Amino acid sequence: MSETKPAAPQLSVVLITLNEEARLAYCLRSLPRECEIVVLDSSSTDRTVSIAREHGARVETRDFDDFARQKNAAMALATRPWVLSLDADEVLTPELRLALAEVTNANNKAAAFRLTRRLVFQGRHLRFGKAVDHPIRLIRRGTGQFVSAIHERLEIHGTVDALAGDLLHYSYSDLTDYFNRFNRYTSRVAENHYALGHTMPLGLKHWLRPWTEFFYRYILRLGFLDGYPGYTYALVSSMYTYIKYAKLRELLIRKSSP
């Protein structure tokens, strides 16, 4: 017997997209009934826009500048009392879907809610190794905004509570996809550091960071309990900070050369 989805008429769900035809439908199918869906697209060249409209979304277009501004622009398009900000690679579990419907239909004092987000990596729902986080994603409209251009986060004015249920994060389809994103994100972060006038960390701190990060994720945060996917995730994640600063070093050398 199929599940009857709960209704959430007080909820707006907002997403920013760029060429997300492979994942968007899974996200939109997981939403509660009767919610408003708003997609802010950055001129996708695939079927992203048509898929969004097929699922009842209102689609607007805006050139991408940075993640915080783009997500704030998407939230500004919402018209319901509560706003849930999602990425196209995130899927609600039935428990989370029910919790969203209940909290947005009830009277409560919270300004926002944290969600439990679990990474799905190489076919496994990772439970350890820093693969679970608790981002603020559900807010009462007008009580907060995204800050930080790269690793954007919601800054809230008011009380923040937590919701039951999991948000599944299908961030990487495979290792090729992981390293494509890895390359883009480390370049963006390095360019942001350069624009802010940051310099390279010196000495052992830079050279040891990948090893300490791996030890932290795989041993201290019990990543080994997630088997081979846990080992792979800890290993590739440990290189992130090292590479972003290596790219910053390249920028500093390039800009200082005659």
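Derivation of every value follows stated rules applied to the coordinates shown; laboratory data play no part. Computed from a predicted structure; not experimentally measured. Cβ sites come from the backbone with ideal geometry, for glycine too, and all protein chains shown count toward neighbours.
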Over 15 Å, how big is the tail of the calculated P(r) for region 71-133, in percent of all Cα pairs? 63
So I have (1) 21.8; (2) 19.8; (3) 18.8, and one of them is Kirkwood radius over Cα pairs in Å calculated from this model. Which one is it? (2)
Below 12 Å, Cα to Cα, which aspartates and glutamates can Lys109 reach? Residues fewer than 8 away in the same chain don't count. Asp161
Dividing the helical contributions, -39500 (n - 2.57) per DSSP H run of n ≥ 4, by the residues of the chain yields a 222 nm value, nearest 500 deg cm²/dmol, of -11500 deg cm²/dmol
Nearest-0.05 FRET efficiency for Arg254 and Ala164, computed from C-beta distance (R0 45 Å): 0.35
On alpha-carbon atoms, Rg over Rh for region 40-176 using Kirkwood Rh? 0.95
Spelling it out for Glu20: with amide H atoms placed in the peptide plane at 1.01 Å from N, the residues 5 or more places away or on another chain with amide H under 5 Å from its amide H are Thr48
Any lysines with Cα under 21 Å of the Lys247 Cα? List them, leaving off those in the same chain fewer than 8 positions away. Lys205, Lys255
Residues of type aspartates and glutamates that Lys244 reaches as a straight line, Cα spacing below 16 Å, ignoring anything fewer than 8 places off in the same chain: Glu191, Glu213
Cα-based Rg and Dmax for region 175-256, in Å, come out at 14.2, 46
